[in-house]
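Asker: So that we are looking at the same thing, I have put the structure below in structure tokens.
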Amino acid sequence: MNERKASDFKIRSNRLTEFAVERDYDRCIKCEVCVKQCAFDVHYYDEEEDQIKHRPENCVGCHRCAVLCPTDAITIKSNPAQYRAHGSWSGEHVKDINRQAETGGVVLTGSGNDKTAPVYWDKMLINASQVTNPSIDPLREPMELRTYIGARPDKVEVKDGKLASKMPPQIKIEMPILFSAISYGAISYNVQKAIAEAAQELGTLYNTGEGGLHPDFYKYKDSTIVQVASGRFGVHPDYLNAARMVEIKIGQGAKPGIGGHLAGEKVSESVSITRMIPMGTDAISPAPQHDIYSIEDLRMLIYALKEATNYRVPVSVKIAAVHNAAAIASGIVRAGADVVAIDGFRGGTGAAPKAIRDNVGLPIEFALAAVDKRLRDEGIRNRVTLISGGGIRCAADIVKAIALGADAVYIGTAALIAVGCTLCQKCYSGKCNWGIATQNPYLAKRVNPDIARQRLVNMVNGWSHEIKEMLGGMGINSIESLKGSRSQLRGVGLTSEEIEILGIRPAGQ
């Protein structure tokens, strides 16, 4: 008798459905909008019973069907069914084990960390002026949010009233907010176009990520940061010179210590040409950059990129927030980088192993404070611009980040939410119902780039107004005056060790 292999058996799923789909049949007019809108095949028309039915096991909770249902007949809820409560084994653990028992693969996820670990932005409060240092009215007095990206010299010489020193390359942005690295391939053409146009309109920068630059987007070069990652996808001289800044990606907050992955399903013909890889193949960038195994190796790449761009643009190095980020950042500055970008463990991504996303890395608040302090202690803080990212959700987070030592912040997930993302965390599947994280033409056209651009501009302008209000409340009229000013922050509900790392005082002191 021949033995049957495990692969010969069809394994039945033991997982509870994550969401419950409720349909009010008195309201349903069988228009099939939900059927046409769902890329995950949740809804279907049953001809025999002449009804629209659903498969709740396929639902990812994106809510597009509920939003577009013309009669409000659909409701999506978290499945009220629960596994028996257990102190050590949550329902999530049980689901993940069942999923791996069925597939034998890595549990992937998209977006950022969704765990209930402390958000330290929420444990810091901002100081306010009263009488002795009066507040400023941003509606009636000028408020300066302009920021410069790039290294600063140790000293400058002035002759005949003019600057005589040769300055390193600088980039002027109108507010301390940049769009973080999101590659073409991870997101659709329309979404990247909207982000590029929003950056141009706002007077700031957007980052191409490690996916090369589509030929149509070279016209946005004055607003573009290009990335050089381990896979070198789409990297060539024209790409490097079509940017205001070049960024070397060492790591990212959602998956420190591992490489990138774009599923072959998302590598369309256009993406394959942009990335210079075969159509339909997985784009896997290795964890290490195989020409960087020391700070000296990093220095060689930094100066190779400066040579390639004729020393015209700043060179940035992006790292994940890890326990020795301060020492790493010090080495990066001494290697000649003009910018250090630090990405915290709440950073978003298109595809990451869930185990890595949830358990590796540090909150950006701690890493930023440690890096800023280390560089100040070593007397080299002026040589570099610090950009922080990974979980920036609102204007208040930006103000707190700058007070902790950042010059500017990267926003990614917030930008996608502004476009329409509902954080269903299935970006890696390529089936994004909102047309954002997909290369399917039918789905991608759901994003109107003009409307998406306007939504991004509106959000960032709204944040800018709020930043000005908070600065005015502190009696400050320039964002430069806030940088590294930790005296403006107070901690609530923090331990003495956390207070010390952040370099702030507890509330009441």
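Asker: Dipole of segment 16-105 (Lys/Arg Cβ +1, Asp/Glu Cβ -1, origin at the Cα centre): which of ILE74, GLY104, ILE52 lies farthest to the positive side?
Answerer: Value computed over the given set: GLY104.
Asker: Expressed as a whole number of Å, what is the distance separating the alpha-carbon centroids of segment 341-408 and segment 470-494?
Answerer: After rounding, the separation between the Cα centres reads 17 Å.
Asker: Sort 27-35, 96-104 by the packing proxy (mean of other Cβ within 10 Å over each peptide's residues), most packed first. Before the final figure, lay out the partial values.
Answerer: Details: 27-35: 14.9, 96-104: 12.9.
Top of the packing list down: 27-35, 96-104.
Asker: Sort segment 137-213 into rounded, prolate or oblate with this rule: let a ≥ b ≥ c be the square roots of the eigenvalues of the Cα gyration tensor; rounded if a/c is under 1.5, and if a/c is not under 1.5, prolate when a/b is larger than b/c, oblate otherwise. Working shown, then result.
Answerer: Working: a/c = 3.63, a/b = 1.64, b/c = 2.22.
Judged from the Cα gyration tensor, segment 137-213 comes out oblate (a/c at least 1.5, b/c at or above a/b).
Asker: Per DSSP H run of at least 4 residues, take -39500 (n - 2.57); add these up for the chain, divide by its residues and hand me the 222 nm value, nearest 500 deg cm²/dmol.
Answerer: Working: 15 runs with 146 residues, N = 509.
After summing the helix terms and dividing by residue count, I get -8500 deg cm²/dmol.
Asker: Follow-up. Relative to a virtual label point 7 Å from the Cα of ARG334 in the Cα→beta-carbon direction, which members of segment 298-312 show backbone nitrogen distances below 14 Å?
Answerer: Correct set: 298-299.
Asker: So if I place +1 on the C-beta of Lys and Arg and -1 on the C-beta of Asp and Glu, and nothing else carries charge, what would the dipole magnitude of segment 324-402 be about its Cα centre? I want it in debye, nearest 20.
Answerer: Values: 11 positive and 8 negative charges, 6 e Å.
With only Lys, Arg, Asp and Glu charged at Cβ, the dipole is about 20 debye.
Asker: Specify the longest stretch of the chain that does not include any exposed loop site, a site being one of the chymotrypsin sites (Phe, Trp or Tyr not before Pro) with a non-H, G, I, E, B DSSP assignment and at most 10 other Cβ atoms within 10 Å.
Answerer: On the way: sites that count: PHE9, TYR25, TYR293.
Value returned for the longest uninterrupted segment is 26-292.
Asker: When you have a sec, figure out the Kirkwood radius of segment 71-139 from all distinct Cα pair distances and drop it here in Å to one decimal?
Answerer: Details: mean 1/r = 0.0552 Å⁻¹.
With all distinct Cα pairs of segment 71-139 included, I get 18.1 Å.
Asker: Run the quick spin-label model on GLU92 and GLU307: label points 7 Å from Cα toward the beta carbon, then report their separation in nm to one decimal.
Answerer: Placing both labels 7 Å along Cα→Cβ, they lie 4.8 nm apart.
Asker: Pulled fully out, how much extra length does the chain show between ASN461 and SER294, if you take 0.36 nm times their separation in residues and subtract their Cα-Cα distance? Mind showing how you got there, number by number?
Answerer: Numbers: separation 167, 0.36 × 167 = 60.12 nm, distance 4.12 nm.
Answer, rounded to one decimal: 56.0 nm.
Asker: Let me ask something additional. Which listed residue (ILE467, ALA194, PRO256) has the Cα farthest towards the positive end of the charge dipole for segment 123-506, taking +1 on Lys and Arg C-beta and -1 on Asp and Glu C-beta about the Cα centre?
Answerer: ALA194
Asker: Then there is this: Rounded, prolate or oblate, given the Cα gyration tensor of segment 115-267, with a/c below 1.5 counting as rounded? Spell out each step's value before the answer.
Answerer: Working: a/c = 1.96, a/b = 1.35, b/c = 1.45.
Here segment 115-267 falls in the oblate category.
Asker: When a/c is below 1.5 the answer is rounded, else prolate if a/b is larger than b/c, else oblate, so apply that to segment 55-200 with a ≥ b ≥ c taken from the square roots of the Cα gyration tensor eigenvalues.
Answerer: Details: a/c = 2.25, a/b = 2.05, b/c = 1.10.
Prolate shape, in that a/c is at least 1.5 and a/b is the bigger ratio.
Asker: State to the nearest 20 debye the size of the charge dipole of segment 16-105 about its Cα centre, where the only charges are +1 on K and R beta carbons and -1 on D and E beta carbons. Each step should come with its number before you reach the end.
Answerer: Details: 11 positive and 16 negative charges, 80 e Å.
Using Cβ point charges on Lys, Arg, Asp and Glu, segment 16-105 gives about 380 debye.
Asker: Still on this structure, I have one more. Report the Cα centroid-to-centroid distance between segment 228-273 and segment 61-110 in angstrom, as an integer.
Answerer: 31 Å
Asker: Would you mind giving the three semi-axes, in whole Å and largest first, of the ellipsoid equivalent to segment 122-171 according to its Cα gyration tensor? Show your work: numbers first, answer last.
Answerer: Details: eigenvalues 233, 60, 30 Å².
The equivalent ellipsoid of segment 122-171 has semi-axes of 34, 17, 12 Å.
Asker: Continuing with the same structure: Work out, step by step, the length gained on full extension between ASN133 and VAL492: first 0.36 nm times the residue separation, then minus their alpha carbon distance; give nm to one decimal.
Answerer: Extending this stretch completely gives an extra 126.9 nm.
Asker: Within segment 16-105, count lysine pairs with alpha carbon atoms under 18 angstrom apart where the residues are 8 or more positions apart or belong to different chains.
Answerer: Details: LYS30/LYS53; LYS36/LYS53; LYS53/LYS77; LYS77/LYS95.
Total qualifying Lys-Lys pairs in segment 16-105 comes to 4.
Asker: As a quick test, which of the pairs LYS306/LYS445; LYS373/LYS468; LYS219/LYS400; LYS219/LYS306 have an alpha carbon distance above 29 angstrom in this structure? Write out the running numbers ahead of the final one.
Answerer: Numbers: LYS306/LYS445 38 Å; LYS373/LYS468 26 Å; LYS219/LYS400 34 Å; LYS219/LYS306 22 Å.
Pairs exceeding the cut-off: LYS306/LYS445; LYS219/LYS400.
Asker: Ranking ARG383, ARG140 by Cβ neighbours within 10 Å, fewest first, what do you get?
Answerer: On the way: ARG383 19, ARG140 7.
Ordered by Cβ neighbours within 10 Å, fewest first: ARG140, ARG383.
Asker: How many angstrom lie between the C-alpha centres of segment 174-211 and segment 112-164?
Answerer: One Cα centre to the other: 23 Å.
Asker: Provide, in order from the shortest bin, the percent of all Cα-Cα pairs of segment 267-366 in each 5 Å bin, continuing until the bin that contains the maximum pair distance.
Answerer: Distribution as computed: 2, 10, 15, 17, 17, 19, 13, 5, 1 percent.
Asker: At 1.567 mPa s and 4 °C, plugging the Kirkwood radius over alpha-carbon pairs of segment 16-105 into Stokes-Einstein gives what diffusion coefficient in µm²/s?
Answerer: Values: Rh = 14.6 Å.
My calculation gives 89 µm²/s for D.
Asker: Let's see if you can work this out: charge +1 on each Lys and Arg Cβ, -1 on each Asp and Glu Cβ, no other charges. What is the dipole magnitude of the chain about its Cα centre, in debye to the nearest 20? Kindly include the intermediate steps, with their values, before the conclusion.
Answerer: Working: 61 positive and 57 negative charges, 147 e Å.
That gives the chain a dipole magnitude of about 700 debye.
Asker: Additional query: Would you list, by chain and number, the aspartates and glutamates whose Cα falls below 13 Å from the Cα of LYS166, excluding same-chain residues fewer than 8 positions away?
Answerer: Hits, sequence-local ones excluded: ASP154, GLU157.
Asker: If you consider only alpha-carbon coordinates, what radius of gyration and Dmax does the chain have, in Å?
Answerer: Final numbers for Rg and Dmax: 24.5, 97 Å.
Asker: Between LYS36 and HIS236, what is the FRET efficiency for a Förster distance of 35 Å, r being their Cβ-Cβ separation, to the nearest 0.05? Display every interim value, and only then the final one.
Answerer: On the way: r = 40 Å, r/R0 = 1.16.
Between LYS36 and HIS236 the formula returns 0.30.
Asker: Report the gain in length on full extension from GLU500 to THR75: 0.36 nm times residue separation, minus Cα-Cα distance, nm rounded to one decimal.
Answerer: Values: separation 425, 0.36 × 425 = 153.00 nm, distance 4.71 nm.
Contour length minus the Cα-Cα distance gives 148.3 nm.
Asker: Another question, if that's okay. By the 4.7 Å beta carbon criterion, which cysteine residues of the chain come out unpaired?
Answerer: So far as the 4.7 Å Cβ criterion goes, CYS28, CYS31, CYS38, CYS59, CYS69, CYS394, CYS421, CYS427, CYS432 stand without a partner in the chain.
Read-outs throughout are calculated quantities, based only on the coordinates presented, and are distinct from any laboratory measurement. From a predicted model like this one, the values you see are computed outputs, not experimental measurements. Positions of Cβ are generated from backbone atoms using ideal geometry, with glycine treated the same way; all protein chains shown enter the neighbour counts.
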